[in-house]
Amino acid sequence: MIAFFDFDGTITKKDSLVEFIQFAVGKPYYYLGLLLLSPMLFLYKIKIISNNVAKEKLISYFFSGWKDADFKEVADNYALTQIDKITRIKAIEKINWHNAQGHKVVVVSASIECWMKKWCENKEIDLIGTKLEVKKNKITGKFLSENCYGVEKVNRIKARYNLSLYQVVYVYGDSIGDKEMLAIADKAYYKPFR
């Protein structure tokens, strides 16, 4: 058995992207950044630019030029001290249930892997997420991998796991970005923890 969980909105009550940026740069700088990025965010809202483009521009604005080691240190600190504050109790209970049954549990998220990594390791959960490009030990602000959203979630799952080896595939999700992942499940659960 294998269980795939979306992260933001499924396991968490809040968007970890927003929470992480505020944690990393502080709320005043976060809100200033949103103000400066508002034309781009408006184009995203009215679907003129894609989720991938908007997210990359947001990440780039706040983190381009950061030293990779500094970014990872902040990300690890966030994972270890903040994520548990925004998780859904029922989602954690379900993860613990799957672990107790001996099932493989995997978080599949469009969020950046760095800030979920230590949390997943502590819960003995595999992780598939979006990766950031690093050049000369600095964050470029670009994605190293495709944004792990929509069909890319399924592509990344199938690249790592042979699903035919698992008797039952469970999937837990909460948004349009999980639609394709939910479609590969034997047992699909949409917004199950609300």
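The values are calculated or read from the model by the stated rules, or taken from the named source; none is laboratory data. The structure presented is a predicted model; accordingly, all values stated were derived computationally and were not measured. Cβ coordinates were reconstructed from backbone atoms using ideal geometry, including for glycine residues, and neighbour counts include every protein chain displayed.
I'd like to check something: does region 48-59 contain any residue that is over 28 Å from ASN137 (Cβ atoms), touching a residue at least 40 places away in the same chain (Cβ under 8 Å), outside any loop (DSSP other than H, G, I, E, B) and under 18 Å from the mean Cα position of the chain (by Cα)? Quick ask: steps written out before the conclusion?
The initial filter retains those residues of region 48-59 that are over 28 Å from ASN137 (Cβ atoms), namely 48-51.
Those still in the list that are touching a residue at least 40 places away in the same chain (Cβ under 8 Å) too: 51.
Checking the rest, the ones that are also outside any loop (DSSP other than H, G, I, E, B) come to 51.
With the extra rule that they be under 18 Å from the mean Cα position of the chain (by Cα), the set shrinks to 51.
Yes; the residues of region 48-59 include at least one that is over 28 Å from ASN137 (Cβ atoms), touching a residue at least 40 places away in the same chain (Cβ under 8 Å), outside any loop (DSSP other than H, G, I, E, B) and under 18 Å from the mean Cα position of the chain (by Cα).
Considering only residues that are of a type in the set (Gly, Ala, Ser) and modelled with pLDDT under 90, look in region 39-73 and name the one that is farthest from LYS118 (Cα to Cα).
Of everything passing the filter in region 39-73, SER50 is farthest from LYS118 (Cα to Cα).
Can you name every one of the strands (runs of 3 or more DSSP E) wholly within region 127-194 that holds 3 or more residues which are touching a residue at least 60 places away in the same chain (Cβ under 8 Å)?
Ranges flagged: 138-143, 169-173.
When you scan region 150-173, do you find a residue that is farther than 21 Å from ILE92 by Cα, polar (S, T, N, Q), touching a helix residue (DSSP H, G or I) at 6+ places or on another chain (Cβ under 7 Å) and modelled with pLDDT under 95, even just one?
no
What tally of residues in region 1-46 results from selecting those that are within 27 Å of ALA188 (Cβ to Cβ) and either among the small types (Gly, Ala, Ser) or in contact with an Asp or Glu (Cβ under 6 Å, 6 or more places away or on another chain) (or both)?
Counting residues in region 1-46 that are within 27 Å of ALA188 (Cβ to Cβ) and either among the small types (Gly, Ala, Ser) or in contact with an Asp or Glu (Cβ under 6 Å, 6 or more places away or on another chain) (or both) gives 7.
If a residue must be at positive phi and surrounded by fewer than 11 Cβ atoms within 10 Å (Cβ to Cβ), how many such residues does region 26-55 contain?
1
Hey, MET181 hits all of (1) surrounded by 15 or more Cβ atoms within 10 Å (Cβ to Cβ); (2) out of contact with any helix residue (DSSP H, G or I) (no Cβ under 6 Å at 6 or more places or on another chain) but one; which does it fall short on?
(2)
Tell me yes or no: at least one residue of region 98-114 is closer than 27 Å to LEU35 by Cα and either free of Cβ contacts under 8 Å to residues at least 24 places away in the same chain or assigned to a helix (DSSP H, G or I) (or both).
Yes, some residue in region 98-114 is closer than 27 Å to LEU35 by Cα and either free of Cβ contacts under 8 Å to residues at least 24 places away in the same chain or assigned to a helix (DSSP H, G or I) (or both).
Just the residues that are closer than 20 Å to VAL105 by Cβ and either in contact with a His (Cβ under 8 Å, 6 or more places away or on another chain) or surrounded by fewer than 13 Cβ atoms within 10 Å (Cβ to Cβ) (or both), please, taken from region 156-178.
LYS158, ALA159, ARG160, ASN162, SER164, LEU165, GLN167, VAL168, TYR170
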